[in-house]
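Enquirer: To start, I am sharing the structure in question, which I have written as structure tokens.
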């Protein structure tokens, strides 16, 4: 029902002329804008950008306005490519999609959700029946027994199961395959081989049955949350991995759940204390050689390290989260356990995550920006990507490098040759800012307008998207 209401509102606003009619022309000319193309070169100041249909036709100074072109005076503004959030979980498109667009996110990679909904939303977006970012999605995640998310998982127990799962998911038309924590060792390597044979990428967590190095060598295209990395670069890390592996599927012992926060805290603190720079350098060299992308989701580590922080629990963006989501966040023990050893471990884990990100990046490992919005409490569709970019800069990226993690790198990873940078012939997914993001990465939040497939949405339109999402959340 809500997606019907959203489409009705979309048509009503369009017909009422709330969106600037001249900006919906098939020709748009941005005047005297500063172009930050995300290709790595210096900003081009006071240039004109001509958009025809859904592509960039020309970038130069003093372009003559074609007949019928909508002219946007953009002097003093900054143009960047549309942003990608490369790790999200969409459960309600009517809530998520307007929030993405309002925040300049014109593409997302969905890492797990309800397959029927995702397939329908992806088709509606591609056919223009729904307004939102480009949606790249896996189907049900591939997990071992017992599956962590049984409502959207394909369970594999052996190599035969794994090969069948790959073939099935490919034939269903999914963009990639996501692997999860409990996939057995033989099934994992069979999946990797079958995915390579079928030409479909696989990504996700590093199952406990394999190491991060083995996952990289097997061709896993991206590792989410730096999964498994700390186990490899700690001198005692593999024992923690083996211990966790041995507990899969076994019922908890009496009193074990009460001890769990202490065990987690001990593991996190020990991994931080036994960080081995030589092991790290060797692993990062493997990642670079294999082209294994990292999606560190620093925002997740920051949330987990913020236990007891009232600012997190009272964030003004809570109004964009559905009531049932807010209720579940308040009950989630992961972000509310105020046991000293556990809290210390989470804070030190954030430090280690930032260090791994910095040193891997310096070693030439490729990175993508992703948030895990929809998967972790107190993260917000669209908004949290800007937080992630700021955390990447805090970890040691330049503002340009952080911006590239959400633009050029995403397009390169996905094989989208017509996206990710501002160049003639590229797709016209763009964000117009009122301040320079290369001077301060926080300026990516200062959005004046968003261009999606050549259609221009000004600040008033974006505020409407926010208002609609807020109503949906209520």
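Enquirer: Among the residues in segment 247-267, are any surrounded by 14 or more Cβ atoms within 10 Å (Cβ to Cβ), modelled with pLDDT under 95, in the same structural domain as residue 108 (by TED's automatic domain parsing) and in a loop (DSSP other than H, G, I, E, B)?
Expert: There is at least one residue in segment 247-267 that is surrounded by 14 or more Cβ atoms within 10 Å (Cβ to Cβ), modelled with pLDDT under 95, in the same structural domain as residue 108 (by TED's automatic domain parsing) and in a loop (DSSP other than H, G, I, E, B).
Enquirer: Something else now. Yes or no: residue 375 crowded, with 22+ Cβ neighbours inside 10 Å and within 28 Å of residue 199 (Cβ to Cβ)?
Expert: For residue 375, the condition - crowded, with 22+ Cβ neighbours inside 10 Å and within 28 Å of residue 199 (Cβ to Cβ) - is not met.
Enquirer: Considering only segment 442-453, I want to know if a residue exists there that is in contact with a strand residue (DSSP E or B) (Cβ under 9 Å, 6 or more places away or on another chain), outside the structural domain of residue 304 (by TED's automatic domain parsing) and at pLDDT below 95.
Expert: Yes: one or more hits.
Enquirer: Could you tell me whether segment 43-66 includes any residue that is touching a residue at least 24 places away in the same chain (Cβ under 8 Å), out of contact with any strand residue (DSSP E or B) (no Cβ under 6 Å at 6 or more places or on another chain) and closer than 20 Å to residue 435 by Cα?
Expert: For segment 43-66, residues touching a residue at least 24 places away in the same chain (Cβ under 8 Å), out of contact with any strand residue (DSSP E or B) (no Cβ under 6 Å at 6 or more places or on another chain) and closer than 20 Å to residue 435 by Cα: absent.
Enquirer: Hey, another quick one. Among the residues of segment 119-149, count how many are under 19 Å from the mean Cα position of the chain (by Cα), under 24 Å from residue 418 (Cα atoms) and buried (at least 20 other Cβ atoms within 10 Å of the Cβ).
Expert: Selection size over segment 119-149: 9.
The rows are residues; the columns are (1) assigned to a helix (DSSP H, G or I); (2) surrounded by fewer than 19 Cβ atoms within 10 Å (Cβ to Cβ); (3) more than 24 Å from the chain's Cα centre (by Cα).
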| position | (1), (2), (3) |
| --- | --- |
| 163 | yes, no, yes |
| 166 | yes, no, no |
| 169 | yes, no, no |
| 174 | no, no, no |
| 178 | no, no, no |
| 182 | no, no, no |
| 195 | yes, no, no |
| 206 | no, no, no |
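Enquirer: Whether any residue in segment 425-440 is surrounded by fewer than 23 Cβ atoms within 10 Å (Cβ to Cβ), within 18 Å of the chain's Cα centre (by Cα), in contact (Cβ under 8 Å) with a residue 60 or more places away in the chain and under 14 Å from residue 37 (Cβ atoms) is what I want to check.
Expert: no
Enquirer: Tell me, which helices (runs of 4 or more DSSP H) wholly within segment 293-389 include 1 or more residues that are at pLDDT below 95?
Expert: Counting at least 1 such residues, we get 310-313, 323-331, 340-362.
Enquirer: Oh, and also: Checking the structure you have, find out if any residue of segment 411-429 is under 29 Å from residue 321 (Cα atoms), assigned to a strand (DSSP E or B) and assigned by TED's automatic domain parsing to the domain that holds residue 29.
Expert: No.
Enquirer: I'm trying to understand the selection: among the residues of segment 191-228, which are under 18 Å from residue 270 (Cα atoms) and in contact with a strand residue (DSSP E or B) (Cβ under 7 Å, 6 or more places away or on another chain)?
Expert: 226
The values are calculated or read from the model by the stated rules, or taken from the named source; none is laboratory data. From a predicted model like this one, the values you see are computed outputs, not experimental measurements. Glycine gets a Cβ as well: all are built from the backbone with ideal geometry, and neighbour counts include every protein chain shown.
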